[in-house]
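All remarks here apply to the structure that follows.
Read the figures in this text as sums done on the coordinates, not as results from a lab. Not measured: the values here are computed from a predicted model. Every residue, glycine as well, gets a Cβ built from its backbone with ideal geometry; the counts of neighbours run over all protein chains shown.
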Amino acid sequence: MTTTSPPEFVRRREALRDFLRSRRARLSPEDVGLPGGGRRRTPGLRREEVAVLAGVGASWYMWLEQGRDIRVSESVMDAIAVALRMSELERVHFYRLAGMNPPQPVESAEAEVSAELRRVLDTWLPNPAYVLDRYWNVLAVNDSARVVLGLRDGDGTGADGEPMNCLVAYFTEPSFRNRYRYWAEYAPHVVSEFRVTAAQYPDDPEFQALVADLSERSTDFAGLWAEQEVRLPGGGVKAIEHPRAGCLIFEHTTLRLAERTDLRLVLQTPLAHTDTMTKLTTLLEQEASAPRITLVEAG
């Protein structure tokens, strides 16, 4: 008895076949260190050559390209991606076409914020906006996030020379903690969101070190972390108690960047039907007009 594959399965397998063929076609044997072997009827590598480079059987690779329903391991997928010189984005696309969960992208531990992204932050003014790395270190902020939320960007390191970390500051810095009117209600959500983030990088020891250090410094964090709560991360409404402007209420949205999935763009918008926008505009105008004090070293 024969079974008919669902249409979506057939379409995905056809897309996988076309994608692999296109990756083969763009490479020559010389590109991958193989002898040229004279003229070819079609450009690019042969299936057998890809199989050799990836360390898999030629028949098996042919079945993969033909869209047959075969089992594929992550190690084999990665070997084929390397053999075909796939970029990180292409590798993720390859996994999806094969019906597998995309791997975590290989990214630099030293995350950098592009000039284009910094312009996005400034364009969001007068509303607060900032960028976090995977550990919730603050990498970049606009003026509103600095004034309203008390954030320091990647250049504004603390006394210990380390960048500001939102999670650590939330539980250990009184001036930062006191800005949240409903701190106790927010805290479980904050810990849960960080747990979800950490679970995406199970092999990264930096998360374990951060959790261990913060658990020693904050009994509040240690107790919440031990509860093992997992909640859906995302947006919400947060009330900020600013020392000069009073209560400011924002809608909170977090966006994952497509080209750098280890970075998150956080945008805050004044809640409609509140006086937050008026207070926010006045606060930033006062900040801009405040006299700046320049320290001059004694000569």
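Summing Lys, Arg as +1 and Asp, Glu as -1, what charge do residues with Cβ under 13 Å from the Cβ of R231 carry, R231 excluded? Within the 13 Å Cβ shell, the charges total -3. Using the alpha-carbon positions of region 56-153, Rg (one decimal) and Dmax (whole number) come out as 20.5, 63 Å.
If you take Cα extents along the principal axes in Å from the coordinates, which of [x] 75, 57, 41; [y] 61, 37, 34; [z] 77, 45, 38 do you get? So the structure-derived entry is [x].
Taking the C-alpha atoms only, the angle from helix 7-25 to the longest principal axis of the chain is near 80 degrees.
With a Förster radius of 22 Å, plug the Cβ-Cβ distance of E48 and A79 into 1/(1 + (r/R0)^6) and report the FRET value to the nearest 0.05. With a Förster radius of 22 Å, E is 0.90. If each residue of separation counts as 0.36 nm, what is the full-extension length gain between A184 and D143 once their alpha-carbon separation is subtracted? Gain on stretching A184 to D143: 12.1 nm.
In the distance distribution for region 7-97, Cα-Cα pairs more than 18 Å apart total 41 percent.
This ranking places E206, E49 by how few other beta-carbon atoms lie within 10 Å of each, fewest first, which gives E206, E49.
When the alpha-carbon atoms of region 185-229 are used, the pair Rg, Dmax equals 10.2, 31 angstrom. On the beta carbon distance between M100 and H252, with R0 = 22 Å, the FRET formula returns roughly 0.10. Taking the C-alpha atoms only, the angle from helix 276-289 to the longest principal axis of the chain is near 80 degrees. The sum of -39500 (n - 2.57) across all DSSP H runs of n ≥ 4, divided by the residue count of the chain, sets its helix-only mean residue ellipticity at 222 nm to -13000 deg cm²/dmol.
About its Cα centre, the chain has a charge dipole of approximately 1580 debye under the convention of +1 per Lys or Arg Cβ and -1 per Asp or Glu Cβ, with nothing else charged. Taking 7 Å steps out from each Cα toward its Cβ at R177 and V230 produces label points 2.8 nm apart.
Ranked by the mean number of other Cβ atoms within 10 Å of their residues, highest first, the peptides 86-96, 141-151, 62-72 fall in the order 141-151, 86-96, 62-72. Using the Cβ-Cβ distance between V72 and D275 with R0 set to 35 Å, the FRET efficiency from 1/(1 + (r/R0)^6) comes to roughly 0.05. Compute the long axis of helix 183-199 from its Cα atoms, compare it with the longest principal axis of the Cα atoms of the chain, and write down the angle in degrees, 0 to 90, nearest 10. Between the helix axis and the principal axis of the chain, the angle is about 20 degrees. Counting only other residues whose beta carbon sits under 11 Å from that of F19, what net charge do I get with K and R as +1, D and E as -1? The answer is +3.
Think of the chain as having a plus end and a minus end, set by charges on the Cβ of Lys, Arg, Asp and Glu; of L214, A54, F194, A54 sits farthest toward the positive end of this dipole.
This model, with +1 at the C-beta of Lys and Arg and -1 at the C-beta of Asp and Glu, gives region 156-265 a dipole about its Cα centre of some 540 debye.
For region 127-249, the share of alpha carbon pairs falling in successive 5 Å distance bins from zero is 2, 10, 19, 25, 23, 14, 6, 1, 0 percent. As a proxy for reagent exposure, R85, R179 were ordered by neighbouring Cβ count within 10 angstrom, fewest first; the result is R85, R179.
Available extension along the chain between E216 and Q286 is 21.2 nm, counting 0.36 nm per residue and deducting the alpha carbon span. The stretch between R17 and Q208, if pulled fully straight at 0.36 nm per residue, gains 64.7 nm over its current Cα-Cα span.
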